[in-house]
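The values are calculated or read from the model by the stated rules, or taken from the named source; none is laboratory data. Keep in mind the model is a prediction, meaning the values are calculated, not measured. Positions of Cβ are backbone-derived with ideal geometry, glycine not excepted, and every protein chain shown enters the neighbour counts.
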Amino acid sequence: MTVSLASATGAALIRTSLLTFGSMYLMFRLNLGFGFIVLCAFPLLVGVIGFCLWRANPLFSRLQAYLDAMNQIMQEDVSGIRIMKACVREAYEKMRFGKANEELVGTQLKTLVIFAFMNPLTNAIMYMAVTAILLSGSFSVENGSFTPGNVMAALTYTTQLLNGILMLVMLFQNISRGLTSWKRVKEVLESVPELKEGSFGGAVQAQGEIEFRDVSFTYPKSTRSVLSHINLKIHRGETVAVIGATGCGKTTLAGLMLRFCDVDSGAVLVDGVDVRKYRQRALREKIAVAMQKSELFSMTAGENITWGMPGADEALLASAAFIAQADSRQDRRTGKRRYPGLWRP
């Protein structure tokens, strides 16, 4: 897409530049007086275009920011529609969306007003040049030093010059918008991941031992530690339940084990190896996770169950469905199979 956009922009820039400067060159070849008339109008055109683009460029960045804010609100409202209705907050969300939309529309309107003024101004300058050419040409025709055909040729060159300038205006406008979007994309492409990839491939035999060694962690832009000097060792075969109030750090503890983020101090060890030394893929392949919030993809129930283990056989799928009480042959009241001989895990 980037190559296609660059080639299309380059071709349009070459075409419009040749049309603009070619028309001016032919105007000078036809008559120096006509050429100087157009040359005098050219700085005014460039000044008007440059001023309008200078005023519009900051608005393009604000326009993108307001568009992001409105899309974010829309996404939150669609995904949280049940909570919004349960808490009777439709009116508040309408007001929040309306405010974001007003900011977007207001900025867009300012941009349109700037370019709405630019086109008439450029047309007015060129029409003044056309009027001056007609006046000068009429005197030359009357004196016999010029023919009506030469005047019409000059008007044709002026019209082509105007078309080229208007095309350049639209091109510079698109380039300004594109540069604003590119800056935002560049920020993402050039962002440096906070988690550095380790070199260990997890070659040791899976033992199932997890250790939190003097672990402390604070979320960015927060002054309160979520975890402070946690020491915990879970041996193979043990079942450990971590309980506590909402926000006490239970999910953070599990996230540190999977290395969704790194500890501020201390270390988290899986099978005796610091998780920061693992390659992330190797670490997460050693750990099975059941998330707090279920996500269902647009596929069959069986494909959703085995999504984290592609290629799982029928027996493993049946076992997982039985444990999750998602087997249609299961008695919901007792949890036992109605037909014990089928799909035995």
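Tabulated values for the structure
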| quantity | calculated |
| --- | --- |
| Candidates L104, L121, filtered to the one that is farther than 30 Å from L26 by Cα, touching a residue at least 12 places away in the same chain (Cβ under 8 Å) and assigned by TED's automatic domain parsing to the domain that holds L32 | L104 |
| Unique residue being out of contact with any Asp or Glu (no Cβ under 6 Å at 6 or more places or on another chain) and either under 30 Å from G47 (Cα atoms) or not in a loop (DSSP other than H, G, I, E, B) (or both) when the list is L166, L195 | L166 |
| Residue list for region 68-97, restricted to those being small (G, A, S), farther than 22 Å from V185 by Cβ and within 22 Å of the chain's Cα centre (by Cα) | S79, G80 |
| Conditions (1) without any contact (Cβ under 8 Å) to a residue 24 or more places away in the chain; (2) outside any loop (DSSP other than H, G, I, E, B): number failed by D214 | (1) |
| Selected residue (only one of V48, V38, V3 is modelled with pLDDT of 80 or more and of a type in the set (A, V, I, L, M)) | V48 |
| Region 116-148, subset modelled with pLDDT under 80 and among the aromatic types (F, W, Y), residue surrounded by the fewest Cβ atoms within 10 Å (Cβ to Cβ) | F139 |
| Verdict on L109 being part of a helix (DSSP H, G or I), in contact (Cβ under 8 Å) with a residue 40 or more places away in the chain and among the hydrophobic types (A, V, I, L, M, F, W, C) | no |
| Total residues in region 255-288, condition part of a loop (DSSP other than H, G, I, E, B) and without any contact (Cβ under 8 Å) to a residue 12 or more places away in the chain | 1 |
| Of all residues in region 34-88 being of a type in the set (G, A, S) and farther than 30 Å from M126 by Cβ, the one that is surrounded by the most Cβ atoms within 10 Å (Cβ to Cβ) | A69 |
| Qualifying residue in region 1-16 (condition: among the hydroxyl-bearing types (S, T, Y), more than 30 Å from F146 (Cβ to Cβ) and touching a Phe, Trp or Tyr at 6+ places or on another chain (Cβ under 9 Å)) | yes |
| Residue within region 49-62 that is under 35 Å from the mean Cα position of the chain (by Cα), in the same structural domain as L162 (by TED's automatic domain parsing), in a helix (DSSP H, G or I) and more than 17 Å from S176 (Cα to Cα) present | no |
| Those residues of region 284-301 which are under 17 Å from A326 (Cα atoms) and of a type outside the set (A, V, I, L, M, F, W, C), in sequence order | K293, S294, E295, T300 |
| D264 being in contact with a strand residue (DSSP E or B) (Cβ under 8 Å, 6 or more places away or on another chain), within 25 Å of G198 (Cα to Cα) and exposed (fewer than 15 other Cβ atoms within 10 Å of the Cβ) | yes |
| Conditions (1) closer than 30 Å to S79 by Cβ; (2) not in a loop (DSSP other than H, G, I, E, B): number failed by M291 | (2) |
| Matching residues, region 282-308, being over 24 Å from L253 (Cβ atoms) and of a type outside the set (D, E) | L296, F297, S298, M299, T300, A301, G302, N304, I305, T306, W307 |
